[in-house]
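The values are calculated or read from the model by the stated rules, or taken from the named source; none is laboratory data. In this text the structure is predicted, and so the values were computed from the model without any measurement. Glycine also receives a Cβ, built like all others from the backbone with ideal geometry; neighbour counts cover every protein chain displayed. Ligands, DNA and RNA are stripped out before the accessible areas are found, and what is left, the full protein with its side chains, is counted by its heavy atoms. Shrake-Rupley method; radii C 1.70, N 1.55, O 1.52, S 1.80 Å.
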Amino acid sequence: MSSQEEILSDARFSRIARDPRFWEMPEKERKVKIDKRFRAMFHDKKFKLKCTMDKRGRPVNYSSTENLRKFYALSESDSDLSEKDSKENMEKKIKKKKNPKPKREADP
């Protein structure tokens with residue numbers, strides 16, 4: 001840490017501390033905002049990919065939806081809608097599992 005302080009105190013590099021190009025990005029702005037048209041990518045099976053190795057060949061155990069949540073966020077106006085929709089989708093899935101449609105019998 002002291003080496004970084006020495007660098008910033010050096011006259012040759014002092015402008016780096018004041019230049020906004022080198023500032024860290026605020027956490028609110030790090031994630032890309034996604035509107036309601038693309039909110040299905042958080043819960044759709046087509047976007048879910050189970051990974052067992054990372055790009056360097058090391059073993060890992062995560063899915064691609066974790067990465068999506070890491071880099072993308074719903075816009076504030078749509079985030080409330082997505083929570084409601086995800087709850088409704090879960091309720092529909094539960095109802096489908098509990099009450100399967102009866103199969104039609106063939107007429108003689």
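Give me the residue from the range 1-30 that is hydrophobic (A, V, I, L, M, F, W, C) and closer than 30 Å to residue 75 by Cβ and, out of that set, nearest to the chain's Cα centre (by Cα).
Taking the range 1-30 and keeping what is hydrophobic (A, V, I, L, M, F, W, C), we get 1, 7-8, 11, 13, 16-17, 22-23, 25.
Going one step further and asking which of them are closer than 30 Å to residue 75 by Cβ, we end up with 22-23, 25.
Details: 22: 25, 23: 24, 25: 18 Å.
Here the residue is 25.
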### Query
In the range 56-79, how many residues are among the charged types (D, E, K, R), within 21 Å of residue 30 (Cβ to Cβ) and either at pLDDT 80 or above or open to solvent by 80 Å² or more (accessible area, probe 1.4 Å) (or both)?
4
### Message
Given the criteria modelled with pLDDT under 85 and farther than 30 Å from residue 4 by Cβ, does residue 101 qualify?
### Response
yes
